[in-house]
Each structure stands twice: as C-alpha cells, then as structure tokens.
Amino acid sequence: MPTADIISAQKLSGEAFGKLRDAIGQAFGMPHDLEMHVKIAMGIKLYKEVTNDREKLDYQIYQLLEFVESRGLTTKLLRSILEKRSGAPVCDTIRKYWPQALEETPSSADDVRVVAASIEKTAARPDPAARSVVIASREKLDKLKSDIDDLFNYKVLHDCLHKIQLRHYPIIAEKVKQFRSDPLAAAELAGEIILEVTDVCSDARKAAESLPEMAALQAQETRWVARLESATTELEKAANDLDKYHAVHAVRLFERVIRDEPARINGYLTDIANKLPLKELKKVITSDALNSLQAIGPRLKGRVAEHKEWQEIEPDFWAAKDCLERKSPESIEEFTGLWWPNIKSRVLSLARVDPNAKWVKATEVQAALIERALAGRLDSPMAESQNVEDVGQYFEAFRETALYHFFQVNRDLKNLFQQILKLRDPLGALLKGVPYAD
C-alpha cells in the first residue's frame, strides 16, 4: 500500500521558473489577489502554509512555485491561472513553459470514481497484508465515513435556507405587501408558493434528523426547522383568511431564520470539510488512484473557502438593506460610511479571482452606479430623496447579482459533496467485518 505524501513531483527549469514568476506577478499585481486566488482555486492558505511575507509579491510567487512544485501541484496552479486569467499575457507564458497545464482536468466525478473503485479493489483483496492495513486504520476510516454523512446533511440544511432566502422569501414578502391591493396575491401565496416552501421544510427536517444525536446537534437543527414550519403554517392560514397582520408576522419569522442560521451552519460545514480525513484513504487505495485522491482534497478546501467568504458577506447585505429601508439621515450615513465600503471591498476582492466572469462585470457597473448616486446625494441636497431611491435600487441589483453568484457557489459545493458521498458505500464494504485494532 502506498504511503507517500508527494505524488509525481514536477520540476520547472530555471528559465521557466523565472519567466513564470514574472508573468504571474504581472497577472495579479497585488498580494491580496494572489492570496484569494490560491485560497479559492487550490484550498491553499498562502500566509499560513507558504510564506510569512505579506508585502513582496515576487517573493510570495517564488515561494508559492516552490511549494506547489514540491507537492506535484504545479499543473493545478498554472491551469487555474489559465482558467481565471484567460487572455492575459501570463497565459502565453504558461503555454510556452508548462504546456501540460493545457490538458483537460479530470472532473470531481472522475476523481471520486477512481478512488471509489480503488477502495472496492482493496475490499476484495483476501490477503492478510491488506486486511492488517484496514484494521490499523479502522477507527479513522469510520470517522471519515461518518463525517461524509454529516457534511452532506449540513449542506442540505444550508441549501434549504438559501432556497427560501433567494427564491421564496422575496416573493412572499412582496405578495404580503399586496394583500389589500391585489386580490390574487393571497391566493398565489396559498397555492404553489406554500407547497414549495413546505417541500423545502420537509427536506430540511429529514437532513436535521439524520444528524447524530450526540452533542445535541440534531436537536439544535430541528429547532429552527420547526420555526420555519410554524411560519409556513401561519402564512398559509393568513393567506386563506386574508389576514395581513398574521401574514406580516410570518414574514418576520422567515426573516429571522434566514438571517441567523446560515452563518452558523456554514461554520459547521467549514469545520467538517477542513478536517475531513481524506488522507487516511492513501493507506487503502492502489497507487494508480493517488493522483485522483490528491485532487479531491484541495478542490474541496477551495470550494469551502470560497463559500465561507461569501457567507461572511451575507450579514452585511442584510444590515445595508435595513439602513436603506429606514431612509433616515442617520441610516443613510451608516450605509455610506460603514456597510457599503465593506461590502464593495469584499465583493470586488472576490470578483478579482475571476475578472472576466459575467457576474463580475455586472457588479462593477452596479457599484459604479451606487457610487455615482451617493456622490449626487452630496452634490445636490435638494435631490437627496431621489438619490436615496436610486441608491436603494442600484444596491438591490448589486445585492441580487452577488447573492445569485453565491447561489451558484452553493450549488457547485453541493455537487462536490454529492460526489464525495459516493465514497461512503465502498468504505462501508471495506470496513465490513473488520475488527478494530487492539
């Protein structure tokens, strides 16, 4: 059984090393951009794993190239730069000095399939040597299997909240506002919308009840699911009775849950994913599957890191939205001086990871419109009311664009979790009948 940590280490020539270092420096320009890129593309924490230097970009790139080279990750790094900096001069340098980066990347599904098949192959081996390796790793492999289940269930819970936040809550809130002006609003709520939310609550309850009872994890998650179910029931009754006051109360219940719970659940997701002991599989797979296993871990860490960045921005969106809805001079000043600069900085920082993406172009335009409206508020006090309305409209468009990209990040992460979940059954077959080490 293989045990080496480094797989097929790749070496750059002296000339290639220097040319790539210079070209990567020109492509990123600022240390923070490089830091964010390797965090999201490769799951690497630049200042924790690679270098202590936070200022000298050339030196950071030098150390990064040495780091990935020693771990056989040069192709992965350069391929990620090709994907996110398409059209930039660095791409020509990569094509010239490291053409293997142009080769197609195996998908997550392909990598998991290779690893799963290798585990099954080991499970079918009758020889004592293979069995002794599994016995020695039994406890850690059990934990891996359990963690994979928890990871998936927490992701389902997070997705349920995200669906309600992005798909259902805006419609519900708008329909409730229309109760008295539009006779059909209540009927539309009582029909398809309530049915969809009920289905989401059902999925959330199933995931919550699949969590371990230990440490009160199951009870903690079923509590907020119960609050969602209660809000749904109250909203349905209010819609049938044309009771706007109870409908408004139900909306507030929804809002409390979708504001408070996603960040907490994301904390669990991040902890489980970062500690997932995938390396334990090295001991029980064949050598031809090592490259696939090596690809899964960084991909998972990168997806989780990107998800975490977006989740940390989301509460600021709520706070900014509140300020704009209050429309008082104090709340507008709070938006202008606190929430908007922070949101703009963090979103545009993430945007620089993939500067050619459509959502990036859209948020850049929307941010410029917000800045222009804020400047107009200061230049024309007489038109302040209109400028505040404009800021609100532009910010809602900016927020919607950013959050729908977050929804895509969510979906990509869930798809990866679903692939990793496919390792559970082969692991179960491998561990069946195998005793624990003494």
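The values are calculated or read from the model by the stated rules, or taken from the named source; none is laboratory data. It should be emphasised that the depicted structure is a prediction, and the values quoted were computed from it without experimental measurement. Glycine gets a Cβ as well: all are built from the backbone with ideal geometry, and neighbour counts include every protein chain shown. Calculation scope for accessible area: heavy atoms of the full protein, side chains included, ligands and nucleic acids excluded. Shrake-Rupley method; radii C 1.70, N 1.55, O 1.52, S 1.80 Å.
Observations
- Label-point gap, in nm, between residue 202 and residue 246 - each point 7 angstrom along Cα→Cβ: 2.3
- Of the Cα atoms belonging to the chain, the radius of gyration and Dmax stand at 25.3, 85 Å.
- Taking label positions 7 Å along the Cα-Cβ direction at both residue 286 and residue 129, the computed distance is 1.4 nm, reported to one decimal.
- The apolar share of the surface of the chain, taken as the fraction of accessible area on carbon and sulfur atoms (1.4 Å probe, ligands and nucleic acids excluded), comes to 52 percent.
- Ligands, DNA and RNA are left out, and with a 1.4 angstrom probe the accessible area of the chain is 48 Å² per residue.
- Available extension along the chain between residue 56 and residue 142 is 26.6 nm, counting 0.36 nm per residue and deducting the alpha carbon span.
- The range 85-237 - Rg and Dmax from Cα coordinates, angstrom: 24.7, 76
- Cα gyration tensor shape for the range 1-109, rounded if a/c is under 1.5, else prolate or oblate: rounded
- Burial order of peptide ranges 47-58, 274-285 (average beta-carbon count within 10 Å, highest first): 274-285, 47-58
- The range 154-257 - Kirkwood radius from inverse mean 1/r over Cα pairs (Å): 13.9
- R0 of 41 Å, Cβ-Cβ distance residue 352-residue 389: FRET efficiency to nearest 0.05: 0.85
- Label-to-label distance for residue 260 and residue 171 is 2.6 nm, based on points extended 7 Å past Cα in the beta-carbon direction.
- Long pairs among 84/279; 84/301; 206/279; 175/237; 155/177, criterion Cα-Cα beyond 20 Å: 84/279; 206/279; 155/177
- Between the range 223-249 and the range 46-89, the alpha-carbon center distance in angstrom: 51
- Between residue 178 and residue 404, residue separation times 0.36 nm minus the direct Cα-Cα distance comes to 78.9 nm.
- For the range 392-406 versus the range 173-192, the gap between their alpha-carbon centres in whole angstrom: 24
- Centroid-to-centroid separation of the range 413-434 and the range 294-371 [C-alpha atoms, Å]: 35
- For the range 210-363: rounded, prolate or oblate by the Cα gyration tensor [a/c cutoff 1.5]: oblate
- Gain upon complete extension [residue 105, residue 412; 0.36 nm per residue less C-alpha separation]: 108.9 nm
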